[in-house]
Amino acid sequence: MNEIISGEKILVTGGAGFIGSNLCEVLLDSNNTVVCLDNFATGKQENIAPFLKHPKFSFIQGDIRNLEDCLLATKNVDYVLHQAALGSVPRSIKNPITTNEVNISGFLNMLVASRDHHIKRFVYAASSSTYGDSQALPKVEENIGKPLSPYAVTKLVNELYADVFFKTYGLETIGLRYFNVFGKRQDPNGAYAAVIPKFVKQFMQLESPIINGDGTFSRDFTYIDNVVQANLKSLVASSTSVNNVYNIAFGDRNTLNDLVVYLKEYLAIYKPSIEKVPVIYGSERVGDIPHSHASIQKAKKYLNYQPEFSLQKGLQEAVDWYWKNL
Ligand code: NAD
């Protein structure tokens, strides 16, 4: 099996965002033609600035809520890596209608456009939030609970639509349930920033980050290179892998308190005084699950997914990037 796709035309939706821009970079490096569709809702011009001069990169500023934009973006494309969505559980609790419009209607538009333009395979960003209120650990793909937020509902509906489009129209789909992804270009700013970039920035400014709860909640933190690998392998995996969803994580769990210890250790290499910055413990957040830990056996078996970055290894890379770029 050839594991690195090359010479194909690939649409990355949400390509100006954190995960999408990392995908664009690697796809261009492996000699693919890349189309990026994004409306800059949360993505940034600076994330795609390095690619704009690349002869095999094109950018369409458009909105997945608009079918015409989706049809334009999928024209003459071989594969789709669909990342565009409004992330964040708290954002969806504050504004469920917008999250629904982008994450469900936008997703459906992308499926319709991919069907109409005979896309060879539609790989999309699913989410660990789909496990909802299931307490079982580790999380196994076939055993989900009920969603705990509007965001989780949208990601579950995506999986249902992808399944129906495979069965009804023969569109090959693969859903990748990402678990707490982190790494270069993830936005540390704003009310809905993810915990790792937010804490890194606060520590760098010698500010105390606030942990929601007592810090014993745990997550399967997943470095971006593992996620990129999973996407690339999904594009070339055999047809027995399609019409399915896969956990994409490292397959371990660390508490928020563990995370803080590692962050301080790695950041103190650059600025020793960070070691002394205390954290503040606040109240738990609505919709948060206590523990998340993925079984990655299915992705290993069907996608040949082999994550290379543990939390510690990925954090060292991420901290180094933030130190040079923030
Ligand atoms: P991000 O916010 O950095 O990227 C999302 C991108 O989608 C942005 O560039 C944004 O501008 C774009 N977008 C939003 N609405 C759009 C619209 N209507 N039309 C066109 N583009 C639009 O977030 P990310 O962390 O890179 O997430 C990428 C995908 O992965 C999302 O689907 C998200 O739900 C999913 N996911 C992320 C994580 C994580 O930990 N980061 C975990 C699980 C799932």
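Yes or no, residue by residue, for (1) of a type outside the set (S, T, N, Q); (2) open to solvent by less than 30 Å² (accessible area, probe 1.4 Å); (3) more than 20 Å from Phe165 (Cα to Cα):
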position	(1), (2), (3)
Val80	yes, yes, no
Gln83	no, yes, no
Thr99	no, yes, yes
Ser105	no, no, no
Given (1) open to solvent by 10 Å² or more (accessible area, probe 1.4 Å); (2) closer than 20 Å to Leu67 by Cα, index of the condition Tyr124 fails: (1)
Some residue of the range 52-63 being among the aliphatic types (A, V, I, L, M), within 13 Å of the ligand (Cβ to nearest atom) and not in a strand (DSSP E or B): no
Looking only at the range 35-51, and only at residues there that are open to solvent by less than 30 Å² (accessible area, probe 1.4 Å) and free of Cβ contacts under 8 Å to residues at least 40 places away in the same chain, the one that is nearest to the ligand (Cβ to nearest atom): Gly43
Subset of the range 64-76 [more than 9 Å from the ligand (Cβ to nearest atom), in contact (Cβ under 8 Å) with a residue 12 or more places away in the chain and open to solvent by 50 Å² or more (accessible area, probe 1.4 Å)]: Leu67, Leu72, Lys75, Asn76
3 or more residues open to solvent by 20 Å² or more (accessible area, probe 1.4 Å) and more than 30 Å from Leu27 (Cβ to Cβ): qualifying helices (runs of 4 or more DSSP H) within the range 189-296: 256-268
Condition check for Phe179: away from the ligand (no atom under 14 Å from the Cβ), within 22 Å of the chain's Cα centre (by Cα) and not polar (S, T, N, Q): no
Among the residues listed as Ser92, Ser105, Ser114, the single one being touching a Pro at 6+ places or on another chain (Cβ under 7 Å) and either within 10 Å of the ligand (Cβ to nearest atom) or not in a loop (DSSP other than H, G, I, E, B) (or both): Ser92
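The values are calculated or read from the model by the stated rules, or taken from the named source; none is laboratory data. Every value quoted in this text rests on a predicted model; they were computed, and no experiment measured them. We place every Cβ from the backbone using ideal geometry, glycine too, and count neighbours over all the protein chains shown. The accessibility values were calculated without ligands, DNA or RNA, using every heavy atom of the protein model including side chains. Shrake-Rupley method; radii C 1.70, N 1.55, O 1.52, S 1.80 Å.
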